[in-house]
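A.B. asks: Have a look at this one before I ask anything.
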Amino acid sequence: MYRVLITDNLSPAGLKILKETPGIEVDLRKGLTPDEVRVALHEADGIIIRSETKLTPEILKDQPRLKAIVRAGVGTDNINLPAATREGVVVMNTPAGNTTSTAEHTIAMMMALSRNIAPAASKLRDGVWDRKSFTGTQLAGKSIAIVGLGRIGLAVARRAMGLEMKVLGFDPFMSVERAAEQGIELYRDIDEMITKCDYLTVHTPLSPETTNLIGAERLAKMKKGVRIINCARGGIINEAELAQAIESGHIGGAALDVFVKEPTPPDNPLLKLPQVLCTPHLAASTDEAQELVAVEAAEIMAGFLVRHEVRHAVNMAPISSAEMADMRIYLDLGLRLGVVLSQLNKSGVRSAKLTFRGEAATKKTKLISNAFAAGLLSSALAENVNIVNAEMLAHERGIQITESLSSEVSDFSTMISATVYTDEGECSVAGTIFGRQFLRLVRVNQFHLDAYLDGTLLLYRHIDRPGVIGTIGTACGQHNVNIAHMAVGRERNEPGGEALAILNLDNEPSAEALAAVQANPAVTSVQLLRLPKAGNPLPWLTTQSV
Ligand SMILES: NC(=O)c1ccc[n+]([C@@H]2O[C@H](COP(=O)([O-])OP(=O)(O)OC[C@H]3O[C@@H](n4cnc5c(N)ncnc54)[C@H](O)[C@@H]3O)[C@@H](O)[C@H]2O)c1
Ligand SMILES: O=C(O)[C@H](O)COP(=O)(O)O
């Protein structure tokens, strides 16, 4: 049974989906302290959150059961992504469900700010009929500058045009042609754009590039009386510098839904200014948006845990359930080749190269390489390694993994070869898939053979002469070791040279059994490899049990 922890308000429609999904149980606990979240996560396979729960490195560390975080909403800045990735936890979000509501809130804030709705309503509630103090400004004919032309920025642009405003835009990832199609005057220089607007609204994620994007210097460049709106993230506009610019009379006012610290402390100077309109992070809080994001978050979590699909991931490539069904055998092959090489090599791996041939070259090879890296690192690292964190962990250890693709079909219609370069030389293996489900090890260095790629493998190098195989078989039998399959590869495919044999064993041989094999004078080396049993475990969930 997979357990999904939910620590923020989630619409009942999302809860219903999870509760009705066989194999999933819901652990609904709101208002937890950070430490209580950390402890609750020990028993959770997944967690669904909104913006209130903060998932810090301290909370995410040592959570071996946790596999997925789903953010019911857009912003993932309350989740420490490097920490989640390092722990091998997939982070997914629901990018589009609250776009319309957030765009509508932005427009509502702009209108309310322009017409002094909040202070006028408040004064009237206090019994004062004041028609003089609240003369507003009309929006029609004014210019609005939109920083960030993504889903919400564009939705705001369309609505502003409906209000007969002129729309200017800045987004390094938007082409001039696409902006023109949308009726937006695109600027390549934000500093030029901000001198031309009457309203400025930001719709970017909070990132190192966008933190303090609008500060004292840019505020000073704007026309006197400009109004500023932030329904994206606190910190994109510098709060202290905005407060000063409003107090000085240069900036006409601001409408803010988001703050650097949430809940924002009551002594935030912006809350005290009459020209500032504030809401407590409400832009996505509509029945419609909440139902959409909750349903999508529940479906994403269930899809991940039960159907093994990865949708809207922000720290790995997405995989649909159909793709996963198709990729699974390849991920398994990549993982197992990595495990084989990690056990064959005892000295430090410096780099690895994967070559994909035939059908393998048509797959999402990056994911297969990550599965390979997970296998390669699995025996060396105590932590959970999987396709989410393998690349990062390999990179941190200075191990470079490169890929090459060849559509040419060689001896097999599909094949992955992997070579690791170590301090002592190189070692390579190749694997293939028979009948779309059976994994085979078809080469170890120069030896071509055909061994099963699961369970316990006994490898021994020997001089290829009559009687060797028989005596090894007898030694195994005498020590109660059952041989399920045997494969032999010869150096030049001629008798008398060096050969490599791989025995797939039904049970783990004792030290005495290994010594008996080693005692054969024709045998030059013996090594035992331990691989996951066929089909287990799912490489992208965990390699801990390898
Ligand atoms: N207040 C709320 O309740 C609420 C609700 C939903 C979303 N949001 C926030 O709104 C923001 C936008 O969401 P979205 O769904 O439109 O995201 P999005 O990813 O669709 O769009 C973001 C846009 O910002 C652009 N961008 C990135 N860096 C930039 C930079 N330095 N300068 C200019 N443009 C830049 C990107 O190219 C992209 O087009 C996010 O921060 C999100 O968290 C807030
Ligand atoms: O990024 C988002 O989706 C918004 O900030 C909404 O956050 P919320 O779900 O906590 O309201």
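A.B. asks: Being assigned to a strand (DSSP E or B), under 28 Å from residue 509 (Cα atoms) and over 31 Å from the mean Cα position of the chain (by Cα) narrows it down to one residue among 461, 440; which is it?
C.D. replies: Working: 440 fails: over 31 Å from the mean Cα position of the chain (by Cα).
The match here is 461.
A.B. asks: On to the next question. Of the residues that make up the range 76-87, is at least one among the basic types (Lys, Arg), buried (at least 22 other Cβ atoms within 10 Å of the Cβ) and within 18 Å of the chain's Cα centre (by Cα)? Spell out how you get there, then give the answer.
C.D. replies: Taking the range 76-87 and keeping what is among the basic types (Lys, Arg), we get 86.
Then keep just the ones that are buried (at least 22 other Cβ atoms within 10 Å of the Cβ); that gives none.
The answer is no, given that none of the residues of the range 76-87 is among the basic types (Lys, Arg), buried (at least 22 other Cβ atoms within 10 Å of the Cβ) and within 18 Å of the chain's Cα centre (by Cα).
A.B. asks: Still on this structure, I have one more. Looking at the range 41-137, what helices (runs of 4 or more DSSP H) fall wholly within it and have at least 1 residues that are within 14 Å of ligand 1 (Cβ to nearest atom) and closer than 30 Å to residue 246 by Cα? Step through it out loud before you land on a result.
C.D. replies: Details: elements: 57-60, 81-86, 99-114, 117-125.
The qualifying helices (runs of 4 or more DSSP H) are 99-114.
A.B. asks: Conditions: (1) at positive phi; (2) within 12 Å of ligand 2 (Cβ to nearest atom). Residue 11 meets all but one. Number of the miss?
C.D. replies: (1)
A.B. asks: Is it the case that the range 244-257 has a residue that's in the same structural domain as residue 224 (by the TED database), touching a residue at least 24 places away in the same chain (Cβ under 8 Å) and among the hydroxyl-bearing types (Ser, Thr, Tyr)? Quick ask: steps written out before the conclusion?
C.D. replies: Restricting attention to the range 244-257, the residues satisfying the condition of being in the same structural domain as residue 224 (by the TED database) are 244-257.
Then keep just the ones that are touching a residue at least 24 places away in the same chain (Cβ under 8 Å); that gives 244-247, 249-257.
Among the residues that remain, those that are also among the hydroxyl-bearing types (Ser, Thr, Tyr) are: none.
Within the range 244-257, none of the residues are in the same structural domain as residue 224 (by the TED database), touching a residue at least 24 places away in the same chain (Cβ under 8 Å) and among the hydroxyl-bearing types (Ser, Thr, Tyr).
A.B. asks: Right, something else. What are the pairs with Cβ atoms under 8 angstrom where one residue, in the range 89-113, is under 19 Å from residue 230 (Cβ atoms) and the other, located anywhere, is assigned to a loop (DSSP other than H, G, I, E, B) and more than 15 Å from ligand 2 (Cβ to nearest atom)? Sequence gap at least six, or different chains.
C.D. replies: Correct list of pairs: 107/163; 110/139; 111/139.
A.B. asks: Within the range 189-211, restricting attention to residues that are over 19 Å from residue 106 (Cα atoms) and touching a helix residue (DSSP H, G or I) at 6+ places or on another chain (Cβ under 8 Å), which residue is nearest to ligand 1 (Cβ to nearest atom)?
C.D. replies: 190
A.B. asks: Restricting attention to the range 277-299, and to residues there that are away from ligand 1 (no atom under 16 Å from the Cβ) and of a type in the set (A, V, I, L, M, F, W, C), which single residue is nearest to the chain's Cα centre (by Cα)?
C.D. replies: Initially, the range 277-299 is screened for residues away from ligand 1 (no atom under 16 Å from the Cβ), giving 295, 298-299.
Next, from what is left, pick out any that are of a type in the set (A, V, I, L, M, F, W, C): 295, 298.
Working: 295: 20, 298: 17 Å.
Restricting to residues being away from ligand 1 (no atom under 16 Å from the Cβ) and of a type in the set (A, V, I, L, M, F, W, C), the top hit is 298.
A.B. asks: Out of 44, 103, report the one residue that is surrounded by 19 or more Cβ atoms within 10 Å (Cβ to Cβ), touching a strand residue (DSSP E or B) at 6+ places or on another chain (Cβ under 8 Å) and among the small types (Gly, Ala, Ser). If you could, list the steps in order and put the result at the bottom.
C.D. replies: Working: 103 fails: touching a strand residue (DSSP E or B) at 6+ places or on another chain (Cβ under 8 Å).
Checking each option against the conditions leaves just 44.
The values are calculated or read from the model by the stated rules, or taken from the named source; none is laboratory data. What you see is a predicted model, and the numbers here were worked out from it, not measured in a lab. Every residue, glycine among them, receives a Cβ derived from its backbone with ideal geometry; neighbour counts consider all protein chains shown.
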